[in-house]
Protein chains: 2
Amino acid sequence: MEKREKRLEKIIRILKMNNASTVQELAGELDVSHMTIRRDLEVLSGQNMVRIIHGGAVLIPESFEDKGESSYSLLTAGAVKTEEKRRIGKKAAGLIGEGDIIIIDSGSTTEYLARFLPDDLNLTVLCFAMNILKEIAGKRDIKIIFSGGVFHENTLMFESPEGIALIKRNRATKAFISASGVSEKLGVTCSNTYERETKRAAISSSLKRYLVVDSSKFGKVQSDHFAELEDFHYVITDSGISGEYKGILKELGLGLYIV
Amino acid sequence: MEKREKRLEKIIRILKMNNASTVQELAGELDVSHMTIRRDLEVLSGQNMVRIIHGGAVLIPESFEDKGESSYSLLTAGAVKTEEKRRIGKKAAGLIGEGDIIIIDSGSTTEYLARFLPDDLNLTVLCFAMNILKEIAGKRDIKIIFSGGVFHENTLMFESPEGIALIKRNRATKAFISASGVSEKLGVTCSNTYERETKRAAISSSLKRYLVVDSSKFGKVQSDHFAELEDFHYVITDSGISGEYKGILKELGLGLYIV
DNA sequence: AAGATACTGTTATAATATTAACAAAACATG
DNA sequence: CATGTTTTGTTAATATTATAACAGTATCTT
């Protein structure tokens, strides 16, 4: 039970490097029999981490996305509100225009934004999370600025005073910010203290600010406050948003995109 | 000739979505025989785009593409001194010990170092290149610090004043630095001006400095000087190094690892 | 330490994929 | 439109991989 865990992790690691591997290779690398590898792969397959093909196994691309509790979470299915997040991200990408300089916050919703980012608009993108970077690095003709720092596994975000300084020095036309909680009375919150200053810097350096959150976040409160609702110009969310919060946003003069 | 091109593109697109696919699937999807797919895959394999495995093909991750340490190597596309770089990287990884804080420079040789990095030594890794980050992000129990900035496509490196400040603020036990040229008279050089200050910061923040270069770099000079040979304590290279340079390094009191 | 349980390795057999050689079709060119 | 060339499809023989059943080993519990 303990040894298998280690093997499974190693297998995932090898697959992450090569996208795929053969049963033979894995058996050789881990010094176990073919059957053991096959049985391991069955487990990983059952968790939707890999896809077994004749001769080996392929890492399922989605397994990169499901950030969360750990870098590779066996038990967490991930996939909360995935379809909504996808639609929100697509909508946000559609709002981007020629020559825009955009800041993309960390988060799984913003990851979809990054994925749907058009690559023919002469864009500059500033970001600070691993998953966002991965999505953008594949695209052509996008100028990438990454503000670094210490890596935080649970959010895939990098953070440091120097990174914050870099963001403050830059200027963006649009910032797409995520949040863990959006409350009328207590403002916009995230769940890790280290996120705070980076998010604030992103907001302060941008002309237009978009809050991208799925509807489950409205009414929620997390520990760290980083902005007021009024700091944003637009909110992009899914149709699950309550009438109450629709009214609140309208009252505050925020533009609302519902997908 | 025309039709094949289109098929090859489609195959790549399918692989990019799934990382890999089977011959059967591809044959069904493109409505051609499995032999045609096999022949197509052979072509793609010859271009180092995919890796053929029993039953299908796997997309080769970008990090494997050899974007060399100098501009001219872009033309000599692909595997230059790959095996040597691999061995050098492996050797360098073997020199790392429990609790080390290491800085890994950009480059393809250092990419192998990152790949072979042990993951059970409670390490801290500071880096600033995409390919290095990709390798390390997969590993567990490694503290990652990334100094960001503007992305440079040809070297996969990020660079900015804030990134340099971040490196200078940190302290490392070992730095593994690459170079495009190593000359007795003119010192250690790289081929892009933007690399200079980052490399200098890496050197200045590290206790022990290792120069990791394949033997073809000795005697070469590139445009940007960033260090003297004496700034390093060890050199790791392959057996192609000339007797002359062996002598020079010995004279200067540098440790020499030949793999 | 004994017994139960889970894990791993070894086979023989079944299923699937690869190769090579040839035939058919599509294509280009004079 | 005939001919040489390239591309694609078909087939049978060959090679590789998958499966299942069982035996051995390790691990855990009491």
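The values are calculated or read from the model by the stated rules, or taken from the named source; none is laboratory data. Worth saying up front: this structure is predicted, and the values here are computed from it rather than measured. Note that we place each Cβ from the backbone using ideal geometry, even for glycine, and neighbour counts take in every protein chain shown. Surface accessibility is based on the protein's heavy atoms, side chains included, excluding ligands, DNA and RNA. Shrake-Rupley method; radii C 1.70, N 1.55, O 1.52, S 1.80 Å.
Evaluate the following for B:Leu254: is it open to solvent by less than 10 Å² (accessible area, probe 1.4 Å) and either within 30 Å of A:Lys6 (Cβ to Cβ) or in the same structural domain as B:Gly99 (by TED's automatic domain parsing) (or both)? Reasoning before the result, please.
On the way: open to solvent by less than 10 Å² (accessible area, probe 1.4 Å): no; either within 30 Å of A:Lys6 (Cβ to Cβ) or in the same structural domain as B:Gly99 (by TED's automatic domain parsing) (or both): yes.
No.
Just to be sure I understand the filter: pairs with C-beta atoms under 8 Å, separated by 6 or more residues or on different chains, first member in the stretch B:18-41 and within 14 Å of another protein chain (Cβ to nearest Cβ) and in contact (Cβ under 8 Å) with a residue 24 or more places away in the chain, second member more than 7 Å from DNA strand D (Cβ to nearest atom) and basic (Lys, Arg). Which pairs pass?
B:Ala20/A:Arg51; B:Val23/B:Arg38
Which count do you get for residues in the stretch B:40-55 that are on the phi < 0 side of the Ramachandran plot and within 10 Å of DNA strand C (Cβ to nearest atom)?
5
Within the stretch B:180-190, is there a residue that is in contact with a Lys or Arg (Cβ under 9 Å, 6 or more places away or on another chain) and over 20 Å from B:Val235 (Cβ atoms)?
No, the stretch B:180-190 has no match at all.
Among the residues of the stretch B:11-39, how many are part of a helix (DSSP H, G or I), away from DNA strand C (no atom under 11 Å from the Cβ) and within 13 Å of B:Val50 (Cβ to Cβ)?
Residues flagged as part of a helix (DSSP H, G or I), away from DNA strand C (no atom under 11 Å from the Cβ) and within 13 Å of B:Val50 (Cβ to Cβ) within the stretch B:11-39 amount to 7.
Among the residues of the stretch B:146-163, which ones are buried (at least 17 other Cβ atoms within 10 Å of the Cβ) and within 9 Å of another protein chain (Cβ to nearest Cβ)?
B:Phe146, B:Ser147, B:Gly148, B:Gly149, B:Val150, B:Phe151, B:Leu156, B:Phe158, B:Ser160, B:Glu162, B:Gly163, listed by residue number.
Evaluate the following for B:Arg209: is it assigned to a helix (DSSP H, G or I), at pLDDT 95 or above and in the same structural domain as B:Gly107 (by TED's automatic domain parsing)?
Spelling it out, it is not the case that B:Arg209 is assigned to a helix (DSSP H, G or I), at pLDDT 95 or above and in the same structural domain as B:Gly107 (by TED's automatic domain parsing).
Within the stretch B:1-10, track down each residue that is part of a helix (DSSP H, G or I) and within 8 Å of DNA strand C (Cβ to nearest atom).
B:Glu2, B:Lys3
Looking only at the stretch A:122-135, filter to residues that are within 10 Å of chain B (Cβ to nearest Cβ) and surrounded by fewer than 20 Cβ atoms within 10 Å (Cβ to Cβ); which one of those is farthest from the chain's Cα centre (by Cα)?
A:Thr124
Could you tell me whether B:Ser216 is closer than 20 Å to B:Thr155 by Cβ, within 20 Å of the chain's Cα centre (by Cα) and in the same structural domain as B:Gly148 (by TED's automatic domain parsing)?
It is true that B:Ser216 is closer than 20 Å to B:Thr155 by Cβ, within 20 Å of the chain's Cα centre (by Cα) and in the same structural domain as B:Gly148 (by TED's automatic domain parsing).
Which condition from (1) over 24 Å from B:Arg169 (Cα atoms); (2) more than 9 Å from chain B (Cβ to nearest Cβ); (3) modelled with pLDDT of 90 or more is the one that A:Ser108 breaks?
Every condition holds for A:Ser108 apart from (3).
Only one residue in A:Lys174, A:Lys168, A:Lys199 is open to solvent by 40 Å² or more (accessible area, probe 1.4 Å) and in the same structural domain as A:Glu98 (by TED's automatic domain parsing). Which one?
The match here is A:Lys168.
Is it true that A:Lys217 is farther than 30 Å from A:Asn122 by Cα and surrounded by fewer than 16 Cβ atoms within 10 Å (Cβ to Cβ)?
It is false that A:Lys217 is farther than 30 Å from A:Asn122 by Cα and surrounded by fewer than 16 Cβ atoms within 10 Å (Cβ to Cβ).
Within the stretch B:82-105, which residues are of a type in the set (D, E, K, R) and either at pLDDT 70 or above or crowded, with 21+ Cβ neighbours inside 10 Å (or both)? Can you show your working first?
Taking the stretch B:82-105 as the starting set, the residues that turn out to be of a type in the set (D, E, K, R) are B:83-87, B:90-91, B:98, B:100, B:105.
Hits for the stretch B:82-105 are B:Glu84, B:Lys85, B:Arg86, B:Arg87, B:Lys90, B:Lys91, B:Glu98, B:Asp100, B:Asp105.
Quick one: B:Leu211 ticks every box in (1) open to solvent by 30 Å² or more (accessible area, probe 1.4 Å); (2) in contact with a Phe, Trp or Tyr (Cβ under 6 Å, 6 or more places away or on another chain); (3) within 22 Å of B:Glu135 (Cβ to Cβ) bar one, so which box is it?
B:Leu211 satisfies all of (1) open to solvent by 30 Å² or more (accessible area, probe 1.4 Å); (2) in contact with a Phe, Trp or Tyr (Cβ under 6 Å, 6 or more places away or on another chain); (3) within 22 Å of B:Glu135 (Cβ to Cβ) except (1).
Which of (1) in contact (Cβ under 8 Å) with a residue 24 or more places away in the chain; (2) out of contact with any Gly (no Cβ under 6 Å at 6 or more places or on another chain); (3) under 20 Å from A:Ile101 (Cβ atoms) does A:Gly181 not meet, given it meets every other one?
Going through the list (1) in contact (Cβ under 8 Å) with a residue 24 or more places away in the chain; (2) out of contact with any Gly (no Cβ under 6 Å at 6 or more places or on another chain); (3) under 20 Å from A:Ile101 (Cβ atoms), A:Gly181 breaks only (3).
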